Amino acid sequence: MKIFLFFIFLLCSKSLCLADVTVNPNNYGPQRFIVVLAYPSRLTPITFSSEELLAALVTRENSLVSFFNLNSYGQLSILGQDGKPLDQDDIYGPYIYDPVQIALDYKNAFNVEISRDEAIMRGAYEQVKNLVDFNSGVRVILLTKESCGAGGLTMGLNIGTSEQPHYIKFAAVCTLSGSTGSLKENDTNYIDILHEVGHSFMGGGHAQYSSCNPSMTISQEDCTDALWEYGNPYDVMGSGWKYGQGTAMSLTKAGWLLDEPAALNRIVTVMPDTLPTDRTYKIKSISSQTPGIKALRIPRKFVGDPEWWNPNYLIIEWREPKGLDLHIAEKNLNNEADVFSGALITYTVAGESMLVHPILPASELTCTGPFQEQCPKVFHTALPFGQSYTDPNTLTKFTLGPKPTKGGELQIKIDSLGRTDFTGPQVSGLTVISNPADPCKATLRAEAIDPSGISKVIFYQDPLRGSDNYKIFAEDSTFPFEAEYDIRTMENQIMFQVFDNARQQGGIAENNFTWGPEFYASKDKAFSQCSLNIQTNSSIIIDSPSMDHPVSTANFKNYGNSYYSNQILTDRSPVKIIFTIHDENLLSTFNLTERGCQAYCPHCGGSGCVFFSTYLNSYPKEITDEITLNLTPGMHDLYFFVVDKSDGETNIFWGIKILPPLTFIRGDVNQDGRMDISDAIHILSYLFLGSKTIDCADSADVNDDGKVDISDAKYILSYMFLGTGSLNPPTSCGADPTPYDSLGCQSFKLCGE
């Protein structure tokens, strides 16, 4: 089997961010890497000494290995391909390659164009594919001088087959700078390596400032453009290396916030039954290597958020400068190091993190930094020591203690604990209570429980079968929660929501709710004696201007609720079709599809090749509608589907044969290749003497009014001798632009028909 190697995606350069593809099951825990040095043949390579490269990757205090171990809080470790510490045996190259020739060879082999970026990665892979076991999940750090992305990029390369793909994750630093190359702690090359390896784990986002409304008074969360990032704007994942401090790896994606023992012993969830007596927690710095609480998390969400948004928390943690952080802390450029002067508040949702920027009074901060245009209200990346913050979603308020001593603990006092209940009621089902006096009526009773109690139940009906457009038909706020239902006047699909009393516990958002199961009245035994529930077949008539006479279910072959017709409607496209449907049980929906496509299913929401679909808000017993189909020449097997209000289904199958468009010349009645007086005489002889026949009636309909009469002969004579009127198309061999008349054309030999 041939091996296919092709470009899958770009994760991110410092100015580009696209989709992510996961290579390993987890982006945390031990990770295997190799380093490849590769240079295009047309450029002079930059060489790194073996000592300098190993120092940057492994041995020095702020090496790649220590950087990711520290900044993932111990949840991530960089290893070599053998699962042991990264060493000289994991460094390959330097290799010389020609990306242009690689792309050309690939096109010649597979007839597929590949980008320069893919050619660069493919060239590196080809050099080491026989030296490295990529089945073990090895990732690649590629160092080269070739231009790619915007200085670097992260991409996936499929080295498997199209049926069984196998991806390699490449973290590529391309535009290595400097005459000899440098990998010092705060050097651009080194920052770029950290940046791209970060993408290899964390996905495609960048850490950067966002444009916010200056009138905000609460938090960054209210910004028009939310600040979705790994933690803070000084992160190594930022769009500029000068912000690189790197302790802001994605907590969730690095495995730190997962509900596992290794994660839970580092973070405490603030709940009413776990609050200390003095309501004060003590947390260590996020980068501390000693055991202890490293962060607090407060459950929060907006009611109605989909379940896939969970877990949804407000995280509180603080940091001491470590590694690259020192460069920011020492320079303290325009207060850009405020991350080290307080606690970071992060809103995490759906595996992403958004940093909350508290807004402090101008009197408390100098009006400088990236938000200086928004004075007098000033954003601050961290909540300063001694300051308070209130979460606008839960109303939880907390206050930070004073700045801790080096290696100490930060006190966080929970001044008031707001809402912590974001779990909806547990719905056990829906009970249907029959009405002995009227078998078409019943009482619907919703059954659910919640620790905070049930506040109300809302019942909905679906007025449009197959749609999501529900409308309320009943609401009950007292136990038992019930609604009266009459199958004769309401659609038989029912949905309901059950709300709890969570807001009464102090939250300001709406109460939690849970959807109950769908309910179809026609299928419930409570309505078994209701005559409306007897399923019947609809009476359907199909007609068309192109048909000699209409056909109906009365003369179709009947097999249960399915009807098959031998009638073949033969015409040229487009074809106008008229449907007349009668059903005593009131119509719900009908549609037309072409067989061979996935049939439309009003119950399951399927789509397929739907030519025509109608949902009825009002339910007349009879309706007439029409559709014009533009069909290609050939045989088309059509499927017409009707559902009535009691779930009775009627299916009709019949065919339309579309001939190639018949062409003719209008006015050339005798088919001699021109329109002249002889054509007018031909029409008059046909009409009054019966001495002529017309093989193509459409050609004799000179004025195109849908009939052949004396006016057509006059039209020719007036056009020829008086210069009045105009020639109606087609004036050369062509199809009739007005096909819906009773004429047609049997043959027109001059046009090959």
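The values are calculated or read from the model by the stated rules, or taken from the named source; none is laboratory data. Quick caveat: nothing in here was measured; it's all calculated off a predicted structure. Positions of Cβ are generated from backbone atoms using ideal geometry, with glycine treated the same way; all protein chains shown enter the neighbour counts. Note: areas computed on protein heavy atoms with side chains; ligands, DNA, RNA excluded. Shrake-Rupley method; radii C 1.70, N 1.55, O 1.52, S 1.80 Å.
General observations
- Solvent accessible area, Å² - K441, 1.4 Å probe, full protein context: 80 Å²
- Extension gain, I677 to Q529: 0.36 nm times the residue separation minus the Cα-Cα distance gives 45.6 nm.
- Using the Cβ-Cβ distance between D187 and S452 with R0 set to 51 Å, the FRET efficiency from 1/(1 + (r/R0)^6) comes to roughly 0.35.
- Potential lengthening of the chain between D415 and T59 amounts to 123.6 nm, from the contour at 0.36 nm per residue minus the alpha-carbon distance.
- Where E518, E317 fall by accessible area, highest first, once all protein chains stay in place (1.4 Å): E518, E317
- Most to least accessible of R674, R60 (protein chains only, probe 1.4 Å): R674, R60
- Summed side-chain charge close to A483 - residues other than A483 whose Cβ falls under 12 Å, Lys, Arg +1, Asp, Glu -1: -2
- Other residues within the sphere of radius under 12 Å centred on the Cβ of L430, judged by their own Cβ, net out at -3 (K and R +1, D and E -1).
- Label point of E113 set 7 angstrom out along Cα-Cβ; within the range 120-160, amide nitrogens under 17 Å from it belong to 120.
- When the charge dipole of the range 46-172 is built from unit charges on Cβ atoms (+1 for Lys and Arg, -1 for Asp and Glu) and taken about the Cα centre, the candidate among I120, C148, V58 whose Cα reaches farthest toward its positive end is C148.
- Calculated FRET value between S732 and D625, using beta carbons and R₀ = 41 Å, to 0.05: 0.65
- Cross-link table K557/K749; K107/K169; K456/K621; K107/K145, entries beyond 32 Å C-alpha to C-alpha: K557/K749; K456/K621
- The modelled label-to-label distance for the pair T274/L722, using points 7 Å beyond Cα in the direction of Cβ, is 9.7 nm.
- Residue-span extension gain [I710 to Q746] - 0.36 nm each, minus C-alpha spacing: 10.8 nm
- Remark: the range 622-738 carries a charge dipole of roughly 500 debye about the Cα centre, counting +1 on each Lys and Arg Cβ and -1 on each Asp and Glu Cβ.
- Cα→Cβ-extended label distance, 7 Å offset, between M635 and A437, nm: 6.1 nm
- Local electrostatic count at I568 - Lys and Arg +1, Asp and Glu -1, tallied over other residues with Cβ under 12 Å: -2
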